[in-house]
1. Among the listed residues V368, V374, V348, identify the single one that is within 26 Å of F140 (Cβ to Cβ) and surrounded by fewer than 20 Cβ atoms within 10 Å (Cβ to Cβ).
2. Going through T39, T15 one at a time, which residue ends up being under 27 Å from S224 (Cα atoms) and part of a strand (DSSP E or B)?
3. Name the single residue, out of those in segment 9-41 being surrounded by fewer than 19 Cβ atoms within 10 Å (Cβ to Cβ) and not small (G, A, S), that is farthest from the chain's Cα centre (by Cα).
4. If we only count helices (runs of 4 or more DSSP H) wholly inside segment 248-355, which ones have 2 or more residues that are of a type in the set (D, E)?
5. Filter segment 140-159 down to the residues that are in a helix (DSSP H, G or I) and over 25 Å from R185 (Cα atoms), then identify the one that is nearest to ligand 1 (Cβ to nearest atom).
6. For segment 356-372, which positions are assigned to a helix (DSSP H, G or I), among the charged types (D, E, K, R) and touching a residue at least 12 places away in the same chain (Cβ under 8 Å)?
7. Among what's in segment 230-262 and is acidic (D, E) and closer than 14 Å to L133 by Cα, pick the residue that is surrounded by the most Cβ atoms within 10 Å (Cβ to Cβ).
8. Are any residues in segment 230-247 β-branched (V, I, T), more than 12 Å from ligand 2 (Cβ to nearest atom) and in a helix (DSSP H, G or I), and if so, which ones?
Amino acid sequence: VNPSMQKRIVVLGATGSIGTSTLDVIARHPERYRVAALTAHVSRDKLLAQCLQHHPDTAVIAHEHDARWLSAALQDAGCETQVLYGEQALCDVASAADVDVVVAAIMGGAGLAPTLAAVRAGHQILLANKESLVMAGPLFTDAARQSGARVLPVDSEHNAIFQCLPAPSSSTALHTDLAQAGVIRLLLTASGGPFRGWSRDQLHDVTPEQACAHPNWSMGRKISVDSATMMNKGLEIIEACWLFDLTPDDIHVVVHPQSIVHSMVAYRDGSVLAQLGNPDMRTPIAHALAWPERIDSGVAPLDVFSMAQFEFRPPDEEAFPCLGLARRAMNAGGTAPVVLNAANEVAVDAFLNGQIRFTAIPKLIDEVMAALPVVAADTLETIFAQDALARDYAAKIVARWCDE
Ligand code: NAD
Ligand code: MG
């Protein structure tokens with residue numbers, strides 16, 4: 001292996017579902033990639049195992065006591081990985097000068113600061129952490145323009161759309177101008193989650209276990225609940241607006257239960273281009289890692305003869321009001337998507353902890369959005385302040401509902 005030929009990769013959120021899939025793809029191509037840093041929140045055993053396999057220069061974990069444990073365990077095993085802890089360390093490894101690619105795979109708003117640090121450093125970003133773009137779309141895209149950071153979408157739908165668009169003309173633009181390229185709309189596919197076809201009434205008593213049992217994808221618990229409420233698709237509408245410079249009206253959600261068509265692009269001449277594949281995140285990860293080349297991802301080839309039928313239906317916006325809430329937040333602009341995302345994170349957490357019902361998730365978000373004013377989201381400080389306000393307000397409503 002020639003180190004000068006290897007791209008140096010930082011995986012933020014290495015122990016999660018996306019992080020693990022990323023390391024699986026990287027391990028297939030030791031001549032191309034070298035792991036520079038791995039980060040985790042609290043899963044120290046898993047991070048230790050990953051360090052022993054990939055020998056990163058640095059590992060970051062949230063808390064000091066875990067860092068001490070990890071450091072001692074690595075030393076015992078003769079592994080020279082340096083261990084850091086805390087939020088600043090996440091930003092430091094994400095923006096380090098000797099890095100080529102940062103995989104942004106932390107869950108939720110916790111991913112914003114390190115992802116933005118990587119964008120500002122001009123690194124190539126493999127974006128899984130959609131919440132960071134939802135919270136800070138204008139800051140994020142401005143920073144990418146200024147630093148020249150190329151943002152490649154890992155979210156399967158956005159990666160599919162990227163694959164169905166003409167190649168970017170300049171070295172840093174994510175895409176050519178969509179209207180100029182003859183694109184009339186994006187068709188964002190959604191599996192519909194485990195409760196597809198259920199009525200509002202039927203959703204009243206569903207449990208966290210039911211919500212986390214996704215029929216086609218295996219994912220972290222937060223995004224699994226987001227899929228069940230369809231807030232995931234709402235966040236993805238906002239993500240697509242920022243990635244492709246569109247408005248919510250340009251993006252149509254299509255429920256496609258088979259999760260084989262990962263999204264589509266409709267052109268003026270009547271053509272609709274789609275990207276198909278087995279539902280395995282290693283495909284979009286490998287695509288974004290090697291782009292514009294193609295590499296082996298470990299995903300089995302798609303057997304088209306085994307596919308009995310493809311269904312495409314409009315979403316049921318009455319049973320799944322989160323879609324409308326997300327569109328409303330994007331159209332309102334400013335900090336509205338920050339509040340949407342924060343209230344959603346609190347609501348999902350409260351649902352997973354058995355404090356609120358599944359159907360209370362959109363109700364809680366709606367109440368928080370109605371209560372907090374929309375201000376300009378032009379600095380990270382404002383964004384974090386609004387995020388904290390919304391989380392606080394949401395938590396108070398949860399406490400009130402629990403008392404009733
Ligand atoms: P996950 O819960 O499996 O993993 C999350 C990772 O982030 C873990 O490594 C965890 O240690 C780390 N983390 C969590 N909270 C943290 C905090 N406060 N500080 C630092 N690190 C923290 O989640 P996932 O399913 O891998 O999803 C990660 C991101 O990718 C999310 O933004 C999700 O929306 C997005 N995404 C996931 C999928 C998927 O198939 N899993 C698909 C598309 C997009
Ligand atoms: Mg997705």
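1. V374
2. On the way: T15 fails: part of a strand (DSSP E or B).
Exactly one of T39, T15 is under 27 Å from S224 (Cα atoms) and part of a strand (DSSP E or B), namely T39.
3. It comes out as E31.
4. The qualifying helices (runs of 4 or more DSSP H) are 336-352.
5. Step one: list which residues in segment 140-159 are in a helix (DSSP H, G or I), which gives 140-147, 156-159.
This time we only want the ones that are over 25 Å from R185 (Cα atoms), so: 143, 146-147.
Numbers: A143: 19, Q146: 24, S147: 22 Å.
It comes out as A143.
6. D366, E367
7. Checked segment 230-262; the qualifying residue surrounded by the most Cβ atoms within 10 Å (Cβ to Cβ) is E236.
8. Hit for segment 230-247 is I238, nothing else.
The values are calculated or read from the model by the stated rules, or taken from the named source; none is laboratory data. Predicted, not measured: the structure shown is a model, and the values here were computed from it. All Cβ positions, glycine included, derive from the backbone under ideal geometry; neighbour counts span all protein chains shown.
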